[in-house]
Amino acid sequence: MSTIAGAAIRSSSVLTGLAGCGFLSFTHVRYSGLQAFTDSAEPTEAAAPVSRAKSCGESIPNTSTEEFNKKCIALAGPLAAMRGGMLVLRMDNGDRKNFNNKDGTGAMEGGYGYGLADFYPSTHIFVVADFGVDAGRIIAVDGRTGRTLDFGYASPHFSPLGNWALTIEYDVDGVTESDFAILDVRGKKPIKIWASKTSKKRLPAKAKFAAWVNDRTISFTSSGQKSVFLFQADNGAWDISTTMPSN
């Protein structure tokens, strides 16, 4: 059975050791304001999002792709449903976006197919993956506007207000976080404004994403070192600090 590990899907047993990556090693917390839907259910009227509510990746523990998708849809409640091989998302204006396995490649090649890789209740941002055997192609959908953003095979982690996305690319093992980038996602297309590959000031070796502290600060962990922070300075540039920024 395949397993969620960032954007990668592994055909072996459940992966461990990715605390803070956004999909693994968290305690499941129910989003009490929404109800789960079965395969035959239609998304219904939207409920008001809970302020600063945890995303699927922050609240669902290590599990298989299938189980994660079921729990993430339960967290999204009336905003998402599975109808056979089709993922149905309800936008805030009542429109629906359908992701059918017949139109994708993941299920065709023997993978799980379309499902939710994450959902952010506070901003109604859906992270949709076409889960293949080894990896999943990622599309983010803004439920407030219906806008879609293609992230390829990089795993996005959105800031609390949804203005930025930290993307993570994994090594060939599908586990080790190798490259990071910050994208401005307020426009029609994501704009890369920082990348670990080209940054003059480098993150520590084997750095791992921990969390967005606020909309201008990201915390990372690294083996044998304290937390490191990637933050937006007053001049708009992104910088690295070993102490918590005052912003």
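Anything in the stretch 73-132 that is among the small types (Gly, Ala, Ser) and either in a loop (DSSP other than H, G, I, E, B) or touching a Cys at 6+ places or on another chain (Cβ under 6 Å) (or both)? List them, or say none. Scanning the stretch 73-132 gives 84, 85, 94, 104, 106, 107, 110, 111, 122, 132. In the stretch 147-156, the residue that is modelled with the highest pLDDT out of those that are among the hydroxyl-bearing types (Ser, Thr, Tyr) and not in a loop (DSSP other than H, G, I, E, B) is 148.
Check every one of the strands (runs of 3 or more DSSP E) wholly within the stretch 157-229 and list those with 1 or more residues that are touching a residue at least 12 places away in the same chain (Cβ under 8 Å) and within 22 Å of residue 59 (Cα to Cα). Show your work before the answer.
Values: elements: 164-170, 177-184, 191-195, 208-214, 217-222.
Passing ranges, in order: 164-170, 177-184, 208-214, 217-222.
In the stretch 92-115, the residues that are within 14 Å of residue 81 (Cα to Cα) and surrounded by fewer than 21 Cβ atoms within 10 Å (Cβ to Cβ) form Cβ pairs under 7 Å with partners that are at pLDDT 95 or above and among the β-branched types (Val, Ile, Thr), at six or more places apart or across chains, as follows: 96/88; 97/141; 98/88.
Checked against the criterion of being of a type in the set (Lys, Arg) and modelled with pLDDT of 95 or more, the stretch 131-138 has no qualifying residue.
Listed conditions (1) assigned to a strand (DSSP E or B); (2) charged (D, E, K, R); (3) surrounded by fewer than 22 Cβ atoms within 10 Å (Cβ to Cβ) are all met by residue 144, apart from (1).
The values are calculated or read from the model by the stated rules, or taken from the named source; none is laboratory data. These numbers were taken from a predicted model, which means no experiment stands behind them. Positions of Cβ are backbone-derived with ideal geometry, glycine not excepted, and every protein chain shown enters the neighbour counts.
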